[in-house]
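Only one structure is covered here, and it is reproduced in the block below.
The values are calculated or read from the model by the stated rules, or taken from the named source; none is laboratory data. Everything quoted here is computed from the prediction, not taken from an experiment. When we count neighbours, we look across all protein chains shown, and the Cβ atoms used for this are built from the backbone with ideal geometry, even at glycine.
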Amino acid sequence: MIATLAHPGPAYARRWAALPCSAQPVDLILPVADTLAQSVALALAGFDGGWLVIEDAPLANLEFVVPGADPTGQHAAWYAGPHRLGAGKVTHLGLFAALKDRAPWLHGHGGFAASGWKGPDFGHILPLDSRLSTPARARGWALSGAGFDVQTDPETGFPLNQPAALGGGQGAALITLRPNQDMATALVAAAAEVGIAQGRVYGLGSVVHPHLTGQEPIDSYATELLLTDGRIDGGNATLDVDLVTLSGTRHRGRLEPGKNGVCITAELLVIAD
């Protein structure tokens, strides 16, 4: 049984999008640019997008948000913040490179630190308000044949990454999941639709009242999460996560299968074995 949220718009009958693509491993240096989104776009020039992980990278400016209530009542959940750390550091950040209004964009969740900072240390980075202070190393997957493009989603009222077909590929898939379905179950079904039954999973998203294996249920109707390890195998998905709650507390563990409903979205890259 999963916890669910009522969203403002009509629920689509189709509860996921899945597009095949090609992916190649990359080890890149992100150049310093006006925004972190631009740094990522420059490093991935020539590709249709990518999934990257950045660790221990200093930022000249760092801003992020955590889950929060929507004071307008127009969304089932929103953001709290922004938390403005000024000069800070990415400790571990996973991100999808995307486009928004044809300009560089990214969606990233991760851990952060700054001298004297006592607030939340995990959240959703603001890609146009954060920027590197020095070139930074990033590792992950460069994508071709499909990419993410931000579109307004009538169901949730959010601008969300949506997979866009850009010629197709093989060996990998970009997947997004809609709200109010178990994340692991829906992921397996979406991957099977594009012919992937076994592989590694990367990505991020949000869930309602998380259940982590061997832990007490977490009382937070909106959380933001980053996959730290993920696999599909034998008709099941195992998803290890790092997440932050409405109160800014951080939790780590494995999503209990069948008990973790998607809150707003899940954005996932599956690499077939």
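Among residues that are buried (at least 21 other Cβ atoms within 10 Å of the Cβ), among the acidic types (D, E) and either modelled with pLDDT of 95 or more or in the same structural domain as N260 (by TED's automatic domain parsing) (or both), E55 is not included. Checked against the criterion of being outside any loop (DSSP other than H, G, I, E, B), of a type outside the set (D, E), in contact with a helix residue (DSSP H, G or I) (Cβ under 7 Å, 6 or more places away or on another chain) and in contact (Cβ under 8 Å) with a residue 24 or more places away in the chain, the stretch 182-191 has no qualifying residue. Surrounded by fewer than 19 Cβ atoms within 10 Å (Cβ to Cβ), part of a loop (DSSP other than H, G, I, E, B) and assigned by TED's automatic domain parsing to the domain that holds A192: is that true of G157 in this structure? It is true that G157 is surrounded by fewer than 19 Cβ atoms within 10 Å (Cβ to Cβ), part of a loop (DSSP other than H, G, I, E, B) and assigned by TED's automatic domain parsing to the domain that holds A192. All of T238, T223, T228 fail the test of being touching a Ser or Thr at 6+ places or on another chain (Cβ under 9 Å) and within 28 Å of P120 (Cα to Cα), apart from T223.
Pairs meeting the criteria (first residue in the stretch 225-240 and in contact (Cβ under 8 Å) with a residue 12 or more places away in the chain and assigned by TED's automatic domain parsing to the domain that holds G261, second residue in a strand (DSSP E or B) and among the acidic types (D, E), beta carbons under 6 Å, at least 6 apart or on different chains) are L226/D242; T228/D240; T228/D242; D240/D229. When you scan the stretch 88-97, do you find a residue that is within 28 Å of L5 (Cβ to Cβ), touching a residue at least 24 places away in the same chain (Cβ under 8 Å), surrounded by 15 or more Cβ atoms within 10 Å (Cβ to Cβ) and among the charged types (D, E, K, R), even just one? No, the stretch 88-97 contains no residue that is within 28 Å of L5 (Cβ to Cβ), touching a residue at least 24 places away in the same chain (Cβ under 8 Å), surrounded by 15 or more Cβ atoms within 10 Å (Cβ to Cβ) and among the charged types (D, E, K, R). Residues of the stretch 8-35 that are assigned to a strand (DSSP E or B) and surrounded by fewer than 16 Cβ atoms within 10 Å (Cβ to Cβ): Q24, P25, D27, I29.
Whether a residue is within 19 Å of L52 (Cβ to Cβ), assigned to a loop (DSSP other than H, G, I, E, B) and not assigned by TED's automatic domain parsing to the domain that holds S206 was assessed, and L99 does not pass this test. Restricted to the stretch 249-273, and to residues there that are under 10 Å from L225 (Cβ atoms) and in contact with a Pro (Cβ under 8 Å, 6 or more places away or on another chain), the residue that is surrounded by the fewest Cβ atoms within 10 Å (Cβ to Cβ) is H251. For S220, the criteria (1) within 20 Å of H75 (Cβ to Cβ); (2) of a type in the set (S, T, Y); (3) assigned to a strand (DSSP E or B) hold in every case but one, which is (3). Do any residues in the stretch 205-220 that are modelled with pLDDT under 95 have Cβ atoms under 8 Å from those of residues that are in a loop (DSSP other than H, G, I, E, B) and crowded, with 21+ Cβ neighbours inside 10 Å, where the two are at least six apart or on different chains, and which pairs are they? Listed pairs, sorted by first residue: P217/P210; P217/H211.
Of the listed requirements (1) under 17 Å from P25 (Cβ atoms); (2) surrounded by fewer than 22 Cβ atoms within 10 Å (Cβ to Cβ), V150 misses just one: (1).
For the residues G73, G9, G81, the requirement of being at pLDDT below 95 and more than 30 Å from G195 (Cα to Cα) singles out G73. Filtering the stretch 148-178 to residues that are of a type outside the set (A, V, I, L, M, F, W, C) and more than 14 Å from the chain's Cα centre (by Cα) leaves Q151, T152, D153, P154, E155, T156, G157, G167, G168, G169, Q170, G171.
Restricting attention to the stretch 124-146, the residues that are part of a strand (DSSP E or B) and at negative phi total 13. When the stretch 220-271 is examined, which residues are found to be over 24 Å from S22 (Cβ atoms) and touching a Lys or Arg at 6+ places or on another chain (Cβ under 8 Å)? Answer for the stretch 220-271, where residues must be over 24 Å from S22 (Cβ atoms) and touching a Lys or Arg at 6+ places or on another chain (Cβ under 8 Å): T228, T238, D240, V241, D242, L243, V244, V262. Considering only residues in the stretch 21-38 that are aliphatic (A, V, I, L, M) and farther than 19 Å from A146 by Cα, the one that is nearest to the chain's Cα centre (by Cα) turns out to be L36.
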